[in-house]
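The values are calculated or read from the model by the stated rules, or taken from the named source; none is laboratory data. Worth saying up front: this structure is predicted, and the values here are computed from it rather than measured. Ideal geometry is used to build each Cβ from the backbone, glycine not excepted, and the neighbour counts take in all protein chains shown.
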Amino acid sequence: MGKIMLEVKNLKTKYVTRFHEDVYAVDGVSFTIEDGKSLGIAGESGCGKSTLALSVMGYYFSPLHYISGDIIIDGKNISGMKPDDVRKSILGSEIAYIPQAAMNALNPTQKIIRFMEDVIHAHDPKAGRKEIRERAEARFAELGLPPSVLDKHAVELSGGMKQRTVIAVSTILNPKVLIADEPSSALDVTSQKMVIKMLRELMGKGYIKSMLFITHELPLLYNVTDDIMVMYAGQIVERGSAREMVFDPVHPYSHGLMNSILVPEEGTRGNKLTAIPGAPPNLKRPPDGCRFAERCKYARPECRYSMIPEKSFDAGRMYRCLLGVDELKEVYGHE
Amino acid sequence: MSERAIEQTDFTNRPLCLSGRGVTKIFGLGDKRTVAVDHVDFDFHEGEFVSIVGESGSGKTTLSKMLLGLLNASEGEIFFQGKPRDISTGRKKKEYWKGIQAIFQDPFSSFNTFQKIDTVLLDCINMRGGKHLPKEKKIEMMTEACGFVNLKFAELTNKYPFELSGGQMQRLMIARIFLLRPRILLADEPTSMVDACSRATILDMLLNLRDEIGMTVIFITHDIGLAYYISDTVYIMEHGKFVEFGKADEVILNPQAAYTKRLISDVPKIHEEWDLSTVDLLSQK
């Protein structure tokens, strides 16, 4: 077992709306990522994936508020730190973040080299311009980006190129954890593949120690990450290795999600896509019992009484359902 | 996972719904001349589910705008139900749009912000000549249309489009199509802005709608996995040209053109190894 790079323990965060109502977007999430591993998070829109990413990197700017829990990066607990301190000392060097709209994250009036200078200066104010350029060129060459990009403006680059530039800039300080929030959702398949190849190279060469990858595209997650975690209404409902999660999901929600996979492979055309009916619960007043009970085909009255605890089974797998593993597999078999 | 019955219908002997010969669109002049769509021929038959697949910038959307009559073709001719299409006047254009309707990528910009949802649906009924129907009948029709897409009409009355979520808006678009009953539906990436779960719902609704009113669906997408799942016929577009077309099974499982092969290899799969070595990071793309 490798060294633990990122450990999140029972993290709870909330949004406070204009009307002073609390929305519990991340509710008791725990997980660990080891050195050299990557973890994927899947779930539908509004389940709290992006909020989890922001919470893990300590980005508590209103309306997002921290409630409780620990975030430990390589032995250092950053929970409870002021967001401004986090930004100065943690972001970039310990943890890096690639936002969903990374293509719009580049200031159009600046050359790419200026962003590199900004990132490096934030952590090492004495670094000289020449030194920064050398470092940036070396990193770009290694990641397969032409060094000429450094002297261009963002508007001169295509979408895929912009996305790869953002990744190169945000990982220049070799962070321990990289959080990628849907980095390829807005790209076509070829550019997406380039982004993934680059992330793999960063991991392979040890520039980033671990990765948290968020997306709703399951075939992509299966190909990119070691483990997959499924999130529903602010909670983790199941966790397992990528293979187990795609071919042998246990929780009814993950089962439904895996049935919505579309791949151009023989035989998949005849499969009926099973859409999960209904909508996720309102997180202002989360239900007492299982949060998925309203939409679950197999729900029983007792599912709604009290919160379902996390149950572990096999080696390192976890799920959150009242029914037993064998019981669930049996009902899926009858479909 | 239950099985979906795939009809292996042969569409080639059905009547033609929309076809084109040498359709071309050129933007700009002189040095800045760009050929967006380059002499394409196509035949879409009645009741066929056609997908047009291509990367960003391959000319899919330009072609769709020409099909809708929003752009004039620089060269070539489009035939609607066997006759050359005539949209020279506003009135003829309106008549043409009774036969062809569209769903766009961005549900948030598809509706008029100042119109209530009732108005949106009532317009559809009026357009099909139901202007003089009694009010109860109109409400009944609207309720049926909303029911078809799993929306509750009673909850939607007196609401404005921005009060709905993206998935609900996209379903409301389908409810419009249900009321309009066009001969052709042009769907331009209707699922690229919704998550995997809502995508399944929307695709199922489109398939049901096709069976219900027997229209032709032209589905524009960059997701080849989606095209394989949903369509009868697939057209692959590269740099404004159709490089390959045919039945979905033939094109996707046994691609001939190099471009099709590349597109398929670039999609992450779950039963095969994803070969990352086929992309060159140094290329300026």
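Meeting the requirement of 3 or more residues that are closer than 17 Å to A:I261 by Cβ, the helices (runs of 4 or more DSSP H) wholly within segment A:162-248 are A:218-224, A:242-247. Every condition in (1) surrounded by fewer than 18 Cβ atoms within 10 Å (Cβ to Cβ); (2) in contact (Cβ under 8 Å) with a residue 40 or more places away in the chain holds for A:I179 except the one numbered (1).
This table checks each residue for (1) closer than 20 Å to A:L262 by Cβ; (2) facing chain A (nearest Cβ under 9 Å); (3) within 15 Å of the chain's Cα centre (by Cα).
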{"residue": "B:T216", "(1), (2), (3)": "no, no, yes"}
{"residue": "B:N254", "(1), (2), (3)": "yes, no, no"}
{"residue": "B:K261", "(1), (2), (3)": "yes, no, no"}
{"residue": "B:H271", "(1), (2), (3)": "yes, yes, no"}
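Listed by position, the helices (runs of 4 or more DSSP H) inside segment A:45-136 whose residues that are among the hydroxyl-bearing types (S, T, Y) and surrounded by 13 or more Cβ atoms within 10 Å (Cβ to Cβ) number at least 1 are A:49-56, A:83-89. Evaluated against (1) outside any loop (DSSP other than H, G, I, E, B); (2) over 14 Å from the mean Cα position of the chain (by Cα); (3) at the interface with chain A (Cβ under 10 Å from one of its Cβ atoms); (4) at pLDDT below 90, B:M205 falls short on exactly one condition, (2). Determine whether segment A:138-160 contains at least one residue that is under 30 Å from B:S198 (Cα atoms), more than 16 Å from the chain's Cα centre (by Cα), at the interface with chain B (Cβ under 10 Å from one of its Cβ atoms) and assigned to a helix (DSSP H, G or I). Scanning segment A:138-160 turns up at least one residue that is under 30 Å from B:S198 (Cα atoms), more than 16 Å from the chain's Cα centre (by Cα), at the interface with chain B (Cβ under 10 Å from one of its Cβ atoms) and assigned to a helix (DSSP H, G or I).
The residues on offer are B:A200, B:A227, B:A248, B:A196, and the sole one that is in contact with a His (Cβ under 7 Å, 6 or more places away or on another chain) and facing chain A (nearest Cβ under 9 Å) is B:A196.
In the set (1) within 11 Å of chain B (Cβ to nearest Cβ); (2) charged (D, E, K, R); (3) in contact with a Lys or Arg (Cβ under 8 Å, 6 or more places away or on another chain), A:R164 fails one condition alone, (3). Taken together, B:S19, B:S58, B:S88 contain a single residue that is among the polar types (S, T, N, Q), within 30 Å of A:T190 (Cα to Cα) and not in a helix (DSSP H, G or I), which is B:S58. Among the conditions (1) in contact (Cβ under 8 Å) with a residue 40 or more places away in the chain; (2) in contact with a Pro (Cβ under 6 Å, 6 or more places away or on another chain); (3) of a type outside the set (S, T, Y), the only one that A:K329 does not satisfy is (2).
Is there a residue in segment B:236-243 that is part of a loop (DSSP other than H, G, I, E, B), farther than 20 Å from A:L262 by Cβ and more than 10 Å from every other protein chain (Cβ to nearest Cβ)? The answer is yes, given that some residue of segment B:236-243 is part of a loop (DSSP other than H, G, I, E, B), farther than 20 Å from A:L262 by Cβ and more than 10 Å from every other protein chain (Cβ to nearest Cβ).
Annotation note: Cβ proximity below 6 Å between a residue of segment A:184-212 that is more than 11 Å from chain B (Cβ to nearest Cβ) and a residue that is part of a helix (DSSP H, G or I) and not aromatic (F, W, Y) (sequence gap 6+ or interchain) occurs for A:I208/A:L202.
Could you list all residues from segment A:259-274 that are within 21 Å of A:I41 (Cβ to Cβ) and in contact with a helix residue (DSSP H, G or I) (Cβ under 6 Å, 6 or more places away or on another chain)? The answer is A:S260, A:I261, A:L262, A:V263. Selection of segment B:140-185 for residues being assigned to a helix (DSSP H, G or I), under 18 Å from B:L203 (Cβ atoms) and within 14 Å of another protein chain (Cβ to nearest Cβ) yields B:G166, B:G167, B:Q168, B:M169, B:Q170, B:R171, B:I174. Being closer than 28 Å to B:S231 by Cβ and not in a loop (DSSP other than H, G, I, E, B) is a property that A:L262 lacks. Remark: pairs (first residue in segment B:169-198, over 30 Å from A:I41 (Cα atoms); second residue polar (S, T, N, Q) and buried (at least 23 other Cβ atoms within 10 Å of the Cβ); Cβ separation under 6 Å; 6+ apart in sequence or on different chains) = B:I184/B:T216. One residue alone among A:S170, A:S158, A:S185 is crowded, with 22+ Cβ neighbours inside 10 Å and not basic (K, R), and that residue is A:S170.
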